[in-house]
Amino acid sequence: MDLVAGAVGSILTKLGELLHGEYKLQKGLPEQIEYLKNELESAHTALCKVGETPPEHLDRQVRLWAGDVREASYDMEDILDTFLLDVVEGAGPAETKSKKGLLKRLKKMAKMLKKSKARHDIAGAIEDMKKRLQEVWDRRERYSIPVAVPAPATKLDPRLVDMHKEAAQIIGIERTRAELIDMLQSSTHGHGDAGASSSSNRTKIVSVVGAGGLGKTTLAKAVYDELSTGYDCRAFVSVGRNPDLVQVFTSIFLLLDEKKYKAIRDVKDLQLLIGELRKFLVNKRFFIVTDDVWDINSWQALGSALHQNNNGSRVVKTTRNLEVAYGDEVYQLGPLSRGNSKKLFYMRLFGGEDNCLAHHPEEASEKILHKCGGVPLAIITMASLLVGKSRNDWFETCLLYLSVYPEDCVIEKKSLIWKWVAEGFIEKKTGTSLFQRGEEYFHQLINRSMIQGVESQVDGTIHRCRVHDMVLDLIRGLAGEENFMTISNEDGGTSSRHKVCRLAHHNRILLLGQSRPNSHRDTTQLRSLVAHRCDIRGWVLHPSLKLLCVLALERCTSSDNFEYDRHGLEHLGNLVHLRYLGLRGTKVRELPEAIGALKLLQTLDLEDIGGYDMQVQLPSSVCLLTRLVCIRCDEFTKVPDGFLQKVTSLEELQISVCKLSFESQRQFLKELRSQSQLRVLRVLGMGRLDESMQVELLKSLGNLQELQHLDLYYNLICKTRRASVEWDKAVLPEHLRRLRIPGIWFPCLPSFIDPTLLPNLCYLELRLDHMDEAGLRTLGGLPDLRYLSIFPPYETASNEQSMVINIASHDVFFHKLRSLMLFGWMVQLATNGDSTSASLRIWTGGQDAAMVFDSNSKAEDRGCSSRVAPVPVAVMPNLHDLVFTVPVRAFYEDGHATCDNNLGLDLECLPLLQSVVAHLDCKDAFPDDVNKAEAELRRLAQLHANSSALRFHMGKINQRRMARPIQSDDEESSAIQPFAS
């Protein structure tokens, strides 16, 4: 949907449906509809020209006329939607078989009368629509309103994709980063060295002050990344405008010590949180960044919790408000220099100043840079608008819809796109689903720096985004100007005209009457209602909001009750136009049976509405929602039996089967084969996948050719099952990107994992018994693999010896892998002596480990030879995170370690490594050998080129099954510490 054209395009489609569908229209009405359709097509053409013209080139009368047509189009769409729904869909859920025959006939007669009245109503409505459109058209003719013709748009330069992050981090930051680090480490208030005096070792607070968009956050993050690893604990937290301080403190605790404070989310008392944080930090040397602090009150709460100890701690806060920095050392961040501004501008436009086009207007560029005033975000934004995209992009509806979210909100991509779909913003394209088309829009906004993509920590893919507050202010201004969105804040302020089309509540209390129409705000045409982190204690959905397309109560709470009272949604069935219903994170024990009346519903997001003490059973009427394309439930929400037999157009399905019987789970897998359009399938709480269930699963997968994500989360209390022989013949959907099936174990890597069969696979989680050379080379050859997790079987272990493979330095091996998670598996790798290849081996503790790993490796050269150490070969050049398990007994008890106790693990072969988690398996190992392994792992971590920033964690498993130390006859038994068997 185009913002300027309003709903005109949608009306044209619906008028065509009226003309060509099987409707019993009154005599003469088809001709009137045809006339109206032709008039609207002419209006749509003119409006498209208006929409393509930069706002500054438009006459004010043109904009007023376009606004009149847009408002009229919304009214017309409402009339048509109501007619189509009344005549075609009927009203309410179907009657049950228990109804008496007479009652059925009476209801049928009532429906026929209702449809007849609707047909008469549409005749009058069409006439009114004609008159209103004619008035608008006459006004244009009366004042001779011209429509400007836009200049042709240029094409997008593909080099601009994902460049924003690189440019913002590099250009102009070297000097400011060095200056801020010097300030933090200066002896004015101490630098925290071990021998410093008490006065010079006090906690030091430095405020980075500057206007919005100058790069305060980027600078603080760069300094944080460089310095924070040398401290006992650290946290980087965003505060923002009108913050939820309880949430901010919760984030700090989880960043400081997630394991200790896992339950802190349940604490809502701010004073308790402040006191606990002071107690936690009292003896710690900490580094904390509080980013984007807007007001003094917020900082006073945060500052009171940051204990002023003598351990050399450091605090950095960024703010626009100099008053917030009162009493601190201040680093005043200024704009970019003229030279750096120009460098950033041309980097964003052409990929560098050297690539500037010969005919590029230098004078125009200088004017733009002068207007931007050295503000990096302004420079990037202006450059984005100049490259392949007209100024009209700021008026795109998908972009303006982002104003529905509060500041500093991390926005989930999927829920955003499904809202776009529900609103009708996504243009259809042959061969592409509406969601996939929405993904294209989403990535275009990122590539043009309108929004900032948020990468996944584990695989680097972008599933979320955020909007910079400077851009958000601009978007909200445009949304208000076009009467596109009304924002209702914590202070009760709003921004819109009296007639409201879309309404968003942010972080406020919603009371009983606030869903009803009132004299201050006309909500009769309300199409989207979103409440984000609001207290909805007594709020009730009003039955008059019949035109709603989107209803989202996201992470809302009720101060009077843990859960939202079911009476608040009792009028849900009246919202017959609803296409998106989202209750994510809002505790709702029960949905009304009337939900079955929502015949147009496309998305039902119920993730995290339940809990361990709150099981949710969906009403049987959800089976009537035959237009659903997306349903997302959590593990505590149960869908009625037979749901998949009736709802067969799903593209995304997240569902729990943990409460189903074994036979019902098997039937569920069988019914999946009817979902031929399914792209995302997540099954929670899957039971034992025996032979028969695996057969049903494979048959269904054969029908799901559009599938991209397959996650089968199995129930942990169930035993894993050996893979059926049917897997040997399996061919999985070629579009598959994510595969998680840990409930089935395979003897070795299955044949369907193949780079030629699954070229797009980027996330893989499997349970394997053995890894042979062919399997390891296959995994390493998957071109887009970014996350790999391997588990061993619970009850079996292979006796086959794993093979060492050699990887040449020029080989493309695990080229994109960012996370390697080996639970119960050991990894060994080392550069060979000639520096042209490396050796790699992955094996489980139960396998034969008799082989001494790579006798010619660099590891052995350190202690067993006088040869020069070879240059490390990058085996996994982009690996960030590594998890593995060391079977201590296999190395030391059996005498298989190298001569200097080296574990055969050269971490220098992983040049971009950021995090290592090692599990020492103590089963049947002696305490001394466990200590040797621990010391060796720490030594290996220190040898890494990035050792100062490397996060290294080590844990021990099976400690109670450790071997007893051997005791000589003359030792006193009291000196031996007993070990549990």
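The values are calculated or read from the model by the stated rules, or taken from the named source; none is laboratory data. All of these numbers come straight from a predicted model, not from anything done at the bench. As a convention, Cβ positions derive from the backbone with ideal geometry for all residues, glycine included, and neighbour counts pool all protein chains shown.
Some points to look at:
- Residues of region 589-631 that are of a type outside the set (S, T, Y) and more than 24 Å from E651 (Cβ to Cβ): R589, E590, P592, E593, A594, G611, D613, M614, Q615, Q617.
- Scope region 295-333; condition of a type outside the set (V, I, T), within 30 Å of I368 (Cβ to Cβ) and either part of a strand (DSSP E or B) or in contact with a Gly (Cβ under 7 Å, 6 or more places away or on another chain) (or both); matching residues: R320, Y331, Q332, L333
- Members of region 311-348 found to be over 15 Å from V239 (Cβ atoms), small (G, A, S) and surrounded by 14 or more Cβ atoms within 10 Å (Cβ to Cβ), listed by number: G312, S313, S341
- Qualifying residue in region 709-720 (condition: touching a Ser or Thr at 6+ places or on another chain (Cβ under 8 Å) and either at pLDDT 95 or above or within 27 Å of G642 (Cα to Cα) (or both)): yes
- Filtering region 627-647 to residues that are of a type outside the set (D, E, K, R) and closer than 20 Å to R589 by Cα leaves I631, C633, F636, T637, V639, P640, F643.
- Any hit, region 237-247, residues being more than 23 Å from H532 (Cα to Cα) and assigned to a helix (DSSP H, G or I): no
- Of residues in region 639-651 being part of a loop (DSSP other than H, G, I, E, B) and of a type outside the set (D, E, K, R), the one nearest to the chain's Cα centre (by Cα): L650
- Complete set of residues in region 206-225 that are in contact with a Lys or Arg (Cβ under 9 Å, 6 or more places away or on another chain) and among the β-branched types (V, I, T): V206, V208, V209, V223
- From the options A211, A235, A263, A301, residue that is at pLDDT 90 or above, of a type in the set (G, A, S), out of contact with any Pro (no Cβ under 7 Å at 6 or more places or on another chain) and not assigned by TED's automatic domain parsing to the domain that holds R533: A235
- Positions within region 614-630 being touching a residue at least 60 places away in the same chain (Cβ under 8 Å) and of a type outside the set (S, T, Y), in sequence order: L624, V629, C630
- Pairing each residue of region 534-558 that is more than 19 Å from Y401 (Cβ to Cβ) with any residue that is surrounded by fewer than 21 Cβ atoms within 10 Å (Cβ to Cβ) and of a type in the set (D, E), provided the two are 6+ apart or on different chains, yields C-beta distances under 6 Å for R537/D560; T557/D535.
- Boolean, L903 is part of a loop (DSSP other than H, G, I, E, B) and at pLDDT below 90: yes
- Region 730-747, residues that are out of contact with any Phe, Trp or Tyr (no Cβ under 8 Å at 6 or more places or on another chain) and over 22 Å from R688 (Cβ atoms): P733, E734, H735, L736
- Subset tally (residues that are buried (at least 19 other Cβ atoms within 10 Å of the Cβ) and among the basic types (K, R)) for region 588-615: 1
- Helices (runs of 4 or more DSSP H) wholly inside region 374-467 containing at least 3 residues that are buried (at least 18 other Cβ atoms within 10 Å of the Cβ) and either at pLDDT 90 or above or in contact with a Lys or Arg (Cβ under 6 Å, 6 or more places away or on another chain) (or both): 376-386, 413-423, 434-447
- Subset of region 468-494 [among the polar types (S, T, N, Q) and either modelled with pLDDT of 75 or more or on the phi > 0 side of the Ramachandran plot (or both)]: N483, T486, S488
- Subset of region 795-852 [assigned to a loop (DSSP other than H, G, I, E, B), under 21 Å from C909 (Cα atoms) and at pLDDT 85 or above]: F813, F814, H815, K816, L817, R818, F823
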